Amino acid sequence: MTISYNWLAEYLPVHVEPEKLSKILTSLGLEVEGFTRYENIKGSLEGLVIGEVLTCEKHPNAEKLSVTTVDIGQGEPLQIVCGAPNVATGQKVVVAPVGSTLHPTNGDAMTMKVAKIRGIESFGMICAEDELGLGDDHEGIIVLPSSARIGKPVSEIFELYSDWIYEIGLTPNRMDAMSHLGVARDVCAWLSHHNKKECKPKTNLPSGFKADENSLAFSVSIQNQVGCQRYSGISIKGIQVKESPKWMQHRLRAIGLRPINNIVDITNYVLHETGQPLHAFDADQLKKKKIVVKNLPQDTPFITLDGKQRKLSKDDLMICDGEENPLCIAGVFGGAESGVTSATKNIFLESAWFNPVDIRRTSFFHNLRTDAATHFEKNIDISNTVNVLKRAAALIKEFAGGQIASDIIDVYPNPREKVQVNLKYHYLRKLSGKSYHPDTIKKILFSLGFEVAREGIDGFWTAAPFSKPDINIPADVVEEIMRVDGYDNIDIPQSITITPSLELNGFKHRYAEKIAGYLVGAGYSEIVTNSITNAAFYSDEELKKGVRMLNSLSADLNVLRPNMLETGLSIIAHNLNRKNSDLRLFEFGKTYLKEKDANYVEKDHLSLYVSGQALDTHWKQKSKPSDIFLLKGLAERVLNLLGVERTSFEPAGNAKMKQSMNIIHHKKIVGTVGSVDHPTLSRFDIRQPVFFLDLFWEDLLHIMKSTAARVTELPRQMPVHRDLAMIVEKSTPYGTIEKTIQKVGLEKLKEVQLFDIFESEKLGTNKKSLAVSFTFLDDEKTLTDKEIDGMMSKIIESLENNHHAQIRSN
């Protein structure tokens with residue numbers, strides 16, 4: 001939420017400095033996340049003066065330059081080299097003398113210095129429009145009226161506007177503060193309480209409002225009274241669509257809005273003043289002088305103000321005319337055929353209350369995130385539609401001319417009652433930790449618009465204003481009291497009483513921290529990605545089991561991720577676009593799937609992503625690119641740290657990976673590892689290999705819990721190592737060799753390690769040589785050569801029989 005200090009100060013009865021106001025807002029729970037200076041002309045033209053060109057001659061060394069002398073009323077005229085084609089003797093111009101600073105439309109600020117241009121010294125600059133930040137024109141210098149006075153500051157000629165802008169981080173329930181008047185109400189409540197003097201916000205609502213005539217009367221029919229619970233409107237005839245007043249344009253620009261014309265600007269101004277969205281229709285386009293609020297059939301075509309044709313949903317609430325032609329998507333976006341144009345003479349002005357749930361659904365369905373929709377979806381003050389309508393109509397009459405051509409139409413079929421909440425004094429004391437006097441409580445609530453419905457001995461019933469639809473329970477009222485009083489004013493007790501909690505997931509978190517610590521030590525960086533992602537990343541087959549969002553945050557965040565790969569790839573793409581190409585990342589995250597019986601499955605994962613160089617180049621080593629074996633080895637180390645033993649890697653088919661392998665533990669898949677295929681990488685515009693390891697974290701923890709810890713003595717004997725080189729078929733994976741060796745069943749064989757692979761035509765067609773190291777150990781005695789030779793013979797025999805291996809003797 002963006003708030004203008006100048007605008008807000010208009011509603012405050014006392015002066016409050018901008019810095020103090022910032023602290024008050026934060027104290028009230030309206031956290032100021034940004035506090036910046038706004039200037040309609042950056043730098044406010046400080047240091048720039050009006051000068052007169054006394055002489056203008058061609059530069060002796062440059063055809064397109066001129067050498068001028070300029071009188072700025074400060075002694076000797078300045079010699080200035082100018083490149084503008086329109087500079088001439090006798091002109092009044094804008095001069096930036098040495099020491100002044102320019103803030104151009106494009107580029108960084110420039111401080112003027114003495115410069116030598118093609119051999120001629122220049123003591124400043126004669127300025128063009130873009131050099132002052134006034135626009136984009138650079139065709140020539142600005143020529144001022146002849147009446148401009150030499151030596152006077154340029155700021156006296158141009159209309160300057162400066163302000164302080166607050167960026168407020170609003171929580172979703174604070175719709176009452178989504179306007180300048182709403183914030184002013186809070187500030188006045190704070191001032192009343194802390195200054196011990198009643199302070200009420202000023203309002204600009206017109207008094208004695210009445211119609212000038214009744215020649216343009218409309219009727220209103222609400223067919224969907226759930227979607228639209230109140231609809232107010234008024235007609236204004238004989239208006240002139242033109243620019244809005246400068247003061248209004250300045251305020252709108254200060255909060256980031258672009259002025260369009262007086263009618264649109266007034267509706268925007270009143271929205272940000274009061275929080276009530278308005279919509280202006282061209283009254284001459286409305287058939288039968290009637291407004292109908294209803295839903296239209298599914299896929300009804302409708303052209304919106306941006307010229308796009310949209311297919312309506314049956315849930316979209318529409319504003320229609322007497323012939324039921326759609327005019328506007330209620331509370332979201334206007335239609336092209338009924339909008340206000342430069343030719344509009346008569347308007348119908350709408351002020352209504354629309355159901356927040358319906359507005360949010362429609363806004364996201366059509367991907368139309370407008371200011372009006374943002375306010376409606378957070379709920380608005382249903383009691384204020386008529387007052388705001390009067391304010392807007394008075395402004396239109398003042399700045400667009402015309403006559404109020406109808407009485408106010410106000411259709412409110414089922415008027416609401418205010419929500420009443422029973423607040424007990426002891427409950428307030430218990431929840432806030434502070435004892436408040438009953439009079440103090442009531443004064444705070446009165447200043448916020450609450451009423452006392454009835455009183456009791458130990459508390460009272462309070463009626464919440466319609467501007468605070470989030471007030472439903474006593475805790476909500478306590479919050480209002482505490483934030484006006486100030487959370488800093490709650491005393492910190494000398495002691496507290498707590499009940500120690502039982503950590504149910506300590507096992508899970510403890511091992512996650514252990515593995516995270518190891519990975520960080522190994523040079524990996526932890527990432528945290530959003531579980532809600534874009535359905536466009538996944539195939540139709542994946543989305544059949546996917547969990548879609550009913551109320552998505554945006555069009556790009558509409559499904560819970562079915563796997564971890566894509567969200568990690570988006571992080572890799574983000575880094576690669578910023579020239580960070582050597583990446584080692586890991587994430588603990590969740591995936592979500594929907595089963596056939598409509599049950600949902602949530603699974604924990606530990607995922608690792610590697611891309612770029614695995615080793616950096618320095619004097620002692622060369623760089624080494626990452627590969628699948630880097631992650632395969634890392635997977636083995638992580639599994640060892642978790643105590644998950646006897647795992648194997650088996651080739652597997654994966655739709656998004658090549659060279660993929662499943663990690664198997666007792667015939668169960670506990671993870672996958674592989675190289676991401678080119679089509680998947682292309683989807684994220686990634687042009688370098690990416691390797692992905694996905695460990696099923698829940699399954700690994702379950703294995704750990706079900707595995708008893710074993711403690712053994714350190715061996716008393718030294719292990720014995722033997723090496724063996726063999727020639728096998730080139731297509732034979734090492735994993736099958738290792739399994740064959742394990743099947744021999746040698747108890748004293750403790751470790752098998754591949755340490756070399758050699759390929760050459762000298763070995764034979766489609767042959768390769770594998771060199772394997774064996775480690776033997778007997779815990780009780782020293783192994784003899786005869787025993788070791790016997791075990792090696794069994795291994796060789798098994799390899800020859802199963803793989804036709806040729807044992808190399810040298």
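Find, among the GluC sites (Glu not before Pro) in region 401-472, those assigned to loop by DSSP (not H, G, I, E, B) with at most 13 other beta-carbon atoms within 10 angstrom.
Taking region 401-472 and a limit of 13 other Cβ atoms within 10 Å, the loop GluC sites (Glu not before Pro) found are 417.
I need the shape label for region 241-379. Rule: rounded when a/c is under 1.5, else prolate if a/b > b/c, else oblate, with a, b, c from the alpha carbon gyration tensor. It is oblate, given that a/c is not under 1.5 and a/b is not larger than b/c.
Under 15 Å of direct C-alpha separation, and excluding same-chain neighbours fewer than eight residues apart, residue 287 reaches these aspartates and glutamates: 321, 323, 324, 337.
Within straight-line reach of residue 743, meaning a Cα separation under 18 Å, sit the following lysines at least 8 residues removed in sequence or on another chain: 667, 794.
Might you tell me the accessible area per residue for the chain, computed with a 1.4 Å probe and given in Å²?
52
Computed on protein heavy atoms with a 1.4 Å probe, the accessible areas place 273, 513, 131 in the order 513, 131, 273, largest first. Computed from the Cβ-Cβ distance with R0 of 22 Å, the FRET efficiency linking residue 557 to residue 33 stands at 0.50. Inter-label distance, residue 617 to residue 435: 7.6 nm, where each label sits 7 Å from its Cα along the C-beta direction. Using only the Cα atoms of region 131-275, build the gyration tensor, take square roots of its eigenvalues as a ≥ b ≥ c, and label the shape rounded, prolate or oblate: rounded if a/c is under 1.5, else prolate if a/b is larger than b/c, else oblate. Oblate, because a/c is 1.5 or more while a/b does not exceed b/c.
Sparse packing (at most 13 other Cβ atoms within 10 Å of the Cβ) combined with a DSSP loop state is found for the following trypsin sites (Lys or Arg not before Pro) in region 734-810: 781. Using just its DSSP H runs of length 4 or more, each adding -39500 (n - 2.57), the chain gives a mean residue ellipticity at 222 nm of -7500 deg cm²/dmol after division by all residues. These residues, 246, 508, go from largest to smallest accessible area, 1.4 Å probe, as 246, 508. Derived scalar couplings between HN and Hα for region 429-439 equal 5, 5, 7, 8, x, 9, 8, 10, 6, x, 5 Hz in order, rounded to whole Hz, by the Karplus curve 6.51 cos²θ - 1.76 cosθ + 1.60 (θ = phi - 60°), x for Gly and Pro. Residues 698, 159 ordered from highest to lowest accessible area at a 1.4 Å probe: 159, 698. Each part gets one Cα centre, and for region 134-205 versus region 773-810 those centres are 87 Å apart. So, in Å, what gap is there between the alpha-carbon centers of region 461-502 and region 32-71? Taking the Cα centre of each part, region 461-502 and region 32-71 sit 57 Å apart.
Projecting the Cα positions of 619, 557, 586 onto the charge dipole of region 529-656 (unit charges on Cβ atoms of Lys, Arg, Asp and Glu, taken about the Cα centre) puts 619 furthest along the positive direction. Note on region 692-810: with charges restricted to the Cβ of Lys and Arg (+1) and Asp and Glu (-1), its dipole about the Cα centre is near 180 debye. Distance from the Cα centroid of region 314-333 to that of region 378-402 is 21 Å (rounded to whole angstrom).
For region 397-464, the tally of Lys pairs with Cα-Cα distances below 21 Å comes to 9, considering only residues 8 or more apart or on different chains.
Counting only DSSP beta bridges with both residues in the chain, tell me the antiparallel percent, nearest 5.
95
Quick one: compute the contact order of region 311-389, relative version, from alpha carbon pairs under 8 angstrom and 6+ residues apart, as a percent. Relative contact order here is 29 percent.
Think of region 1-83 as having a plus end and a minus end, set by charges on the Cβ of Lys, Arg, Asp and Glu; of 15, 77, 60, 15 sits farthest toward the positive end of this dipole. Between the beta carbons of residue 383 and residue 160, assuming R0 = 45 Å, the FRET efficiency works out to 0.70 to the nearest 0.05. Each residue was assigned an accessible area with a 1.4 Å probe, and for residue 419 the value is about 60 Å².
To put it simply, the accessible area of the chain at a 1.4 Å probe is 49 percent carbon and sulfur. Counting only heavy atoms of the protein chains and using a 1.4 Å probe, residue 82 has close to 10 Å² of accessible surface. Shape class of the chain from the alpha-carbon gyration tensor: prolate, with a/c at 1.5 or above and a/b greater than b/c. Simple spin-label estimate for residue 518 and residue 710 gives 1.8 nm between the two label positions (7 Å along the Cα-to-Cβ direction from each Cα). Paramagnetic label reach from residue 420 (point 7 Å along Cα→Cβ; backbone nitrogen cut-off under 11 Å): within region 436-454, residues 452-454. Compared with the direct C-alpha span, the chain from residue 775 to residue 14 gains 265.3 nm at full extension, assuming 0.36 nm per residue. Computed with a 1.4 Å probe on the full set of protein chains, the accessible area for residue 435 sits at about 90 Å².
The gain in end-to-end length when the residue 336 to residue 197 segment is fully stretched comes to 44.9 nm, 0.36 nm per residue minus the alpha carbon separation.
The values are calculated or read from the model by the stated rules, or taken from the named source; none is laboratory data. Keep in mind that this is a model prediction, so the values were computed, not measured. FYI the Cβ positions are ideal-geometry reconstructions off the backbone, even for glycines, and counts take in every protein chain you see. When the accessible area is computed, the model is the full protein with side chains, heavy atoms only, and any ligands, DNA or RNA have been set aside. Shrake-Rupley method; radii C 1.70, N 1.55, O 1.52, S 1.80 Å.
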